[in-house]
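Undergrad: Please read through the structure below; I'll follow up with questions.
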Amino acid sequence: MTITPLQRFELKKTIRELRGYRGRHTEFVSVYVPTDYDMNKVISHLAQEQGTAENIKSTSTRKNVIDALERMIQHLRLFKRTPENGLAVFSGNVAEREGQSDVKVWSIEPPIPLKIRMYRCDKDFKIEPLEDMLDIKEFYGLVVFDRRDAMLAFLKGKTIIPLVKTHSEVPGKTKAGGQSAHRFAQIREGAKVEHFKKIAEYMKDEYLNKEGLKGIIIGGPNITVNDFLGRDYLTGDVKKKIIGVKDLSYTGEFGLQELLDKSQDVLANEEVAEEKKIVGRFMELLATRPRLVSYGEEEVRKFLEMGVVDTLLLSESLSEQKIEEFERLAQRTNVNVKLISTETRDGAQLRDLSMIVAILRYELER
């Protein structure tokens, strides 16, 4: 399951806040409730921990732990059932001065299912399971090649990460003087075979048995790709990982971008495809129906306050404060908010135009 940019932003913000607190003693409570776990059992366990906390010798620590557990129990009773993806709950006295009381409680419904159950009382909040969610573990393999060049990469989230670049020794079509056509054709064929073998070996080394690999997409001139796939260069295990083949005009980094652009059908459920689709829609409307879109901070803010915005697109390059401000405005009228990265060509194009843009519910005169 993939975390959307907006979910990632909200999770990072919460993690940063929790990381900023530290208890004087082991008095901060962290609880993780996995998917489908009975909430009543969690509450019962916390009540037992309250009883155990009565034995803590330090008066202030005892009070802080018991108060944190009580606030957490009260909070959990608000839930009729465990949320679909589980729940992470944190509670503790975060007062700056010793002897004062400011017990707070946080609960987070994670963007992907929780698989662990945890109760921990410590000097800090245990946020490692949430931090793990920010690490994108799933990826695609991208391969672009022709008879002369090849490049392999990962597509992780929305980022293309180049891995290996290789160049063949296949000579050009013009043969050296005095060389027979047959002999020259043999040399070209032998060099091509070695080139293809090298590509296959790199694919095996970089992709096979890699945890999180969702599939391999390859691209190049149709004739070359069909020649490569029609022989036994690849092992069966690697061939089974290929989920898309595209006809390309380029290799190298341009080829990787072209492969990504042409693989939206394969990547239909991925963030990068969704982002490309929504930014593409905005750009198309800007060119064909400009009264149906808005860009620029002041104009978009005005239309949000009027309640005429359907979809709000915010660049990740905005400050956290600005993103939060426009999120709050959007929530008032149930606007669909999309956080757009700057790691893709479409995201960079949006950033350069205006970091805050909107698609409106209907056309408006300016």
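The values are calculated or read from the model by the stated rules, or taken from the named source; none is laboratory data. All values derive from a computational prediction rather than experimental measurement. Every residue, glycine as well, gets a Cβ built from its backbone with ideal geometry; the counts of neighbours run over all protein chains shown.
Undergrad: Output the residues belonging to the range 235-255 that are farther than 23 Å from ASP346 by Cα and either touching a strand residue (DSSP E or B) at 6+ places or on another chain (Cβ under 8 Å) or not assigned by TED's automatic domain parsing to the domain that holds MET203 (or both).
TA: Taking the range 235-255 first, the residues farther than 23 Å from ASP346 by Cα are 235-243.
If the condition is that a residue be farther than 23 Å from ASP346 by Cα and either touching a strand residue (DSSP E or B) at 6+ places or on another chain (Cβ under 8 Å) or not assigned by TED's automatic domain parsing to the domain that holds MET203 (or both), then VAL238, LYS241, ILE242, ILE243 are the ones that fit.
Undergrad: Further, regarding this structure: Which condition number does GLN48 fail, the rest of (1) part of a loop (DSSP other than H, G, I, E, B); (2) loosely packed, with under 14 Cβ neighbours inside 10 Å; (3) free of Cβ contacts under 8 Å to residues at least 40 places away in the same chain being met?
TA: Going through (1) part of a loop (DSSP other than H, G, I, E, B); (2) loosely packed, with under 14 Cβ neighbours inside 10 Å; (3) free of Cβ contacts under 8 Å to residues at least 40 places away in the same chain one by one, GLN48 breaks only (1).
Undergrad: Taking the range 231-255 as the search range and keeping residues that are farther than 14 Å from ILE217 by Cβ and assigned to a helix (DSSP H, G or I), which one is farthest from the chain's Cα centre (by Cα)?
TA: Only one residue tops the list, namely GLY236.
Undergrad: Going by the conditions given, is LYS302 out of contact with any helix residue (DSSP H, G or I) (no Cβ under 7 Å at 6 or more places or on another chain) and either buried (at least 17 other Cβ atoms within 10 Å of the Cβ) or more than 26 Å from ARG16 (Cα to Cα) (or both)? Before you say what the answer is, go through the steps one by one.
TA: Numbers: out of contact with any helix residue (DSSP H, G or I) (no Cβ under 7 Å at 6 or more places or on another chain): yes; either buried (at least 17 other Cβ atoms within 10 Å of the Cβ) or more than 26 Å from ARG16 (Cα to Cα) (or both): yes.
Yes.
Undergrad: Please work out which residue is surrounded by the most Cβ atoms within 10 Å (Cβ to Cβ), limiting yourself to the range 55-78 and to residues that are part of a loop (DSSP other than H, G, I, E, B) and at pLDDT 95 or above.
TA: So in the range 55-78, the residues part of a loop (DSSP other than H, G, I, E, B) come out as 55-58, 77-78.
If we keep only those that are at pLDDT 95 or above as well, we get 77-78.
On the way: ARG77: 11, LEU78: 7.
Here the residue is ARG77.
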